[in-house]
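Notes follow once the structure below has been shown.
The values are calculated or read from the model by the stated rules, or taken from the named source; none is laboratory data. As the structure is a computational prediction, the values presented were derived from the model and not from experiment. FYI the Cβ positions are ideal-geometry reconstructions off the backbone, even for glycines, and counts take in every protein chain you see. We work out accessible area using only protein heavy atoms, side chains counted, and drop any ligands, DNA or RNA first. Shrake-Rupley method; radii C 1.70, N 1.55, O 1.52, S 1.80 Å.
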Amino acid sequence: MKKIAGQLGSLFRPIHRRSRDRESFGELFDRFREVLDKNNRSLEIITDMGDTLGGDYLFDIQYIKKSYADLHAAMDDSLRSFNDLTQDRYPRLREAYLAIDDRIGHVIEQTVPLSKDLVIFYEDVAVDMVKDVGGKNCHLAEVRNSLKLSVPDAFAVTTRAFDAFMNYNRIFEKAQSSKDDAPVPGAILHELREMVLHGEMPPDLKRALEKAVKRIKAQCGNTCFVAIRSSAGEEDGEFSFAGQFETVLNVPLEPAAIEKAYKKVIASLFSEKSSAYQQRLGYNLRDMKMAAGCMVMVDAAASGVLYTTSPQGDRNTLIINATWGLGVSIVEGQTDADFYTVSKNDNGHIVETKIGAKDSMIIGQEPGGVIAVATPDGEKTHSSLAPEQVEQLARLAGVIEKHFRRPQDIEWAIDRQGKIFILQSRPLRVPEETARDAFAVANTPASRVLMRHKGLAVQKGVVAGRVFIFKNAHELESIPKGAILVARHDSSQFIRVMTEVSAIITDTGSPTSHMAALCREFKIPTAVNTGNATRMLDSGQEITVHVDDEGATLYQGSVRQLVVRAETDSMRMEELSEFRTKRYLLRYIAPLNLVDPLRDDFTPNACKTLHDILRFIHEKSVVELIESAGYGVKSPAAVKLDLPIPAGIMLIDIGGGLRDPANGTHVSLDQVVSQPFKAIITGMVHPGIWRSDAVPLKAHDFMTSMLRAPSIDADSASHVGANMAVISQEYVNLSLRFGYHFIVLDCYCGEDTRNNHIYFRFTGGATDMTKRSRRLQLIALILGSYGFNIKTKGDLIVARLANIRREEAKSVLDRLGRLISYTRQLDAVLNDDDAVKRYAGYFIDEIYQFHQRNA
């Protein structure tokens, strides 16, 4: 039992802690509430900045400077209060904050520092590193890192490496010799290309490439080949630069071969065609910087190009070109490829198929390089894609287009095992549809309106899709792609499906919650606090969601003209360079990476944004309160709570938890005014839930309980504060020991939804490990139905629920009280795995007399 208590305590007990003996728990609780208040002020500013910088508003640098100055001051207050509460237990948190603050300062002053690295692997490329790795590398790394789609192993040779190469070979001096406004003469371009092709690699760059090659070999083996592709700073951004720069395919994975291909790629910056293209677009050749990507070649059975929207402007369809072998034959127009038109609104249904002649195909050669060969006769007239592959490509296209919020030109390849890899994703320019006044809501028949202007807007937008009514965390895996997620309350766990759902609507919630921040980050139309969406809508029902400043309006069916106009307006705003540049600021403020406080990597080092800092502060402040309640903080005298069940609970009131407390040693339940504690006790004494008789133990269970008994002692009980409740009007920390069960329940339940939390921990049991594990499975099933985030280890379960309204929290606490009583002896009757689901179902259905059915 000491081991179990140690497991429980280790989750929340600090390694070193200065004594709080001179401090009352009431004083500690006041500082906890101060931290919450300071955090809320910071979150309000972040929400305001998110609405402005992330929405369809124009703003100037003065707004950004003023808003961030306010946020900086609020963050300082939050950290100061947190450090006071926790006695500076987390010094690395300030280091993380200062690093983020420094990065934000560079963005505001438009002096984003370039990386010092010469080579950066894709997994380390951040979303704002376009100047470091170029547009092509940056976008593809985002597909890999943010969307978790399959991208071959790759690294970027940075613009800093380009500068190093150009300076080392004194090529910049030659490039600067021509007049700024005039086109660069062909003779000078030729000389520049030759200087690049015959240049020497700087020693630092040479070593960096050798180290990168060694790492790729360790991942993929010595026999793989790579492609070296251009990634100029402006490439795949506002303008595609399609076909302007060199790509070298099937390069042997050796430093010398990669160096040669790299020089060939950057030399293409000075080709006559690319120079003319840059001149026409107003780019100065002397200011262009060329990064490059080194990507492992896919052993492609088929490859091709996908446009997520038809270039003819039909937003209801996407098109796919495919051929056997490598897709270079398509982009270079060297083959008559297969052509597929696919519906975007019908689960990847193929509208039209045209099988090309495919007389030739391009494949890699063993020594390196590629070669065009005749397509085998049996494959010339055979579709290069199976219907299920077309459907899968269409789904991936939808995910990528939704993420980048505009049509995409995607290169892809399918290896010989059938796995799809994304090789490129860049913006696709398509004609705008001319929907006349399509966005006017007045034109939509009133009979189609299901809900008008309800709730609070989190992220504005218009989408159509089918409703999925979310009930518990187990359903996250089964939510269909493109569904409109409708839930009782919001949850940061929805991050798991945010790349797939079209919109989120909740009955309760706050626009400053963690989930709300994630929805703004992912640009998912979202409204919270709508009241009754889960009761009004049905799963599978097709609706259109329109979220604006007045809340959510829901329409029956798909109102396509609304969706088309919204997408068009969004793309226009995205095309404003100043708008996009300033919104980079949000990348260091609003996104939330610390989603699950029960994970081992919930640490200061994982904080990448200011929202992460605030999330860490909130969660660890709760932990501080839980620890202090159970580990010896000076408290007022305890009084015993008189109950109709033998729970033996002692109460410590830190302010407002009791009404007219008696001068004696006992209080009645009528004197308890602590809302969360009263809800728990109401559940514990629910009629028929508390059993006084003993459940018969089988011989094996009896022996197990006897063997476990000696390990229960005063020391182990003190670790969990046995049968003690620390209460205020809005707070409770309850520690219970019933026989072999140890329970800690901590809850803050106030008016401000975003402050509210429930922690529930349970460990122990009298029977063998198998039955104790079954009991934990049963508890997990029940808590999951209430929306808890759950972590189990051995016979320990930790569950957490946050950001819920007071009345809902009280309802959940009542159920937890019943669960505490219900599970006291339940593990003894869990004789098989089927019993777990059976008894969980009984509890959810409020059938509590399990011993009668078991007899």
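Count of the stretch 519-560 residues, restricted to those that are of a type in the set (D, E, K, R) and open to solvent by less than 50 Å² (accessible area, probe 1.4 Å), is 3. The criterion of being out of contact with any Asp or Glu (no Cβ under 9 Å at 6 or more places or on another chain) and modelled with pLDDT of 90 or more holds for K211.
Quick one: would you say R406 is in a loop (DSSP other than H, G, I, E, B) and over 15 Å from L326 (Cβ atoms)? Outline the logic, then answer.
Values: in a loop (DSSP other than H, G, I, E, B): yes; over 15 Å from L326 (Cβ atoms): yes.
So R406 fits the description; yes.
Taking the criterion of being in a loop (DSSP other than H, G, I, E, B) and touching a strand residue (DSSP E or B) at 6+ places or on another chain (Cβ under 6 Å), the residues of the stretch 532-548 that qualify are L537, S539, G540, Q541.
The rows are residues; the columns are (1) at pLDDT 85 or above; (2) open to solvent by less than 10 Å² (accessible area, probe 1.4 Å); (3) out of contact with any Cys (no Cβ under 7 Å at 6 or more places or on another chain); (4) part of a loop (DSSP other than H, G, I, E, B).
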position	(1), (2), (3), (4)
S447	no, no, yes, no
V458	no, yes, no, no
V463	yes, no, yes, no
H474	no, no, yes, no
K481	no, no, yes, yes
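Being farther than 29 Å from E391 by Cα, surrounded by fewer than 16 Cβ atoms within 10 Å (Cβ to Cβ) and at pLDDT below 80 is the requirement here; does S491 meet it? No; evaluated as a whole, the condition is false for this residue.
Filter the stretch 344-362 down to the residues that are polar (S, T, N, Q) and more than 34 Å from the chain's Cα centre (by Cα) and list them by number.
Going through the stretch 344-362, the residues polar (S, T, N, Q) turn out to be 345, 347, 353, 360.
T353, S360 - these are the residues of the stretch 344-362 that are polar (S, T, N, Q) and more than 34 Å from the chain's Cα centre (by Cα).
So that you can scan it fast, the table gives a plain yes or no per residue for (1) modelled with pLDDT of 85 or more; (2) under 30 Å from R754 (Cβ atoms); (3) out of contact with any Gly (no Cβ under 7 Å at 6 or more places or on another chain); (4) not in a helix (DSSP H, G or I):
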{"site": "E624", "(1), (2), (3), (4)": "no, yes, yes, no"}
{"site": "L641", "(1), (2), (3), (4)": "yes, no, yes, yes"}
{"site": "I645", "(1), (2), (3), (4)": "yes, no, yes, yes"}
{"site": "G655", "(1), (2), (3), (4)": "no, yes, no, yes"}
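Taking every residue in the stretch 452-469 that is in contact (Cβ under 8 Å) with a residue 12 or more places away in the chain and pairing it with any residue that is open to solvent by 40 Å² or more (accessible area, probe 1.4 Å) and assigned to a strand (DSSP E or B), at least 6 positions away or on another chain, the pairs with Cβ-Cβ distances below 9 Å are A464/E542; G465/E542; R466/E542; V467/E542. If you go through the stretch 791-824 and pick out every residue that is free of Cβ contacts under 8 Å to residues at least 40 places away in the same chain and either in contact with a strand residue (DSSP E or B) (Cβ under 7 Å, 6 or more places away or on another chain) or over 14 Å from N756 (Cβ atoms) (or both), you end up with 2.
Do the conditions hold for T508, that is, is it at pLDDT 75 or above, part of a strand (DSSP E or B) and either among the polar types (S, T, N, Q) or open to solvent by 20 Å² or more (accessible area, probe 1.4 Å) (or both)?
On the way: at pLDDT 75 or above: yes; part of a strand (DSSP E or B): no; either among the polar types (S, T, N, Q) or open to solvent by 20 Å² or more (accessible area, probe 1.4 Å) (or both): yes.
Answer is no for this residue.
Of the residues making up the stretch 367-398, those that are at pLDDT below 90 and among the β-branched types (V, I, T) are V370, I371, V373, T375, T381.
What number of residues within the stretch 402-424 are under 22 Å from M295 (Cβ atoms) and at pLDDT below 90? It would help to see each step written out before you state the result.
Going through the stretch 402-424, the residues under 22 Å from M295 (Cβ atoms) turn out to be 403-404, 408-424.
From what is left, the residues that are at pLDDT below 90 are 403-404, 408-409.
Matching residues across the stretch 402-424 total 4.
Say we look at the stretch 1-52 and pick out the residues that are of a type in the set (K, R), at pLDDT below 80 and closer than 28 Å to F742 by Cα; which of these is least open to solvent (accessible area, probe 1.4 Å)? Among residues in the stretch 1-52 that are of a type in the set (K, R), at pLDDT below 80 and closer than 28 Å to F742 by Cα, the one least open to solvent (accessible area, probe 1.4 Å) is R20. Contact annotation: residue pairs with Cβ atoms under 7 Å, 6 or more positions apart or on different chains, pairing a residue in the stretch 593-620 that is under 19 Å from F494 (Cα atoms) and at pLDDT below 85 with a partner that is aliphatic (A, V, I, L, M) and part of a helix (DSSP H, G or I), are N593/A606; L594/A606; V595/I495. Note on the stretch 338-366: residues that are surrounded by 13 or more Cβ atoms within 10 Å (Cβ to Cβ) and modelled with pLDDT under 80 total 3. Summed over the stretch 165-198, the residues that are surrounded by 15 or more Cβ atoms within 10 Å (Cβ to Cβ), modelled with pLDDT of 90 or more and under 26 Å from V296 (Cβ atoms) give a count of 1. Close Cβ contacts (under 7 Å, 6 or more residues apart or on different chains) running from residues in the stretch 206-233 that are open to solvent by 30 Å² or more (accessible area, probe 1.4 Å) to residues that are in a helix (DSSP H, G or I) and among the charged types (D, E, K, R) comprise R229/K136.
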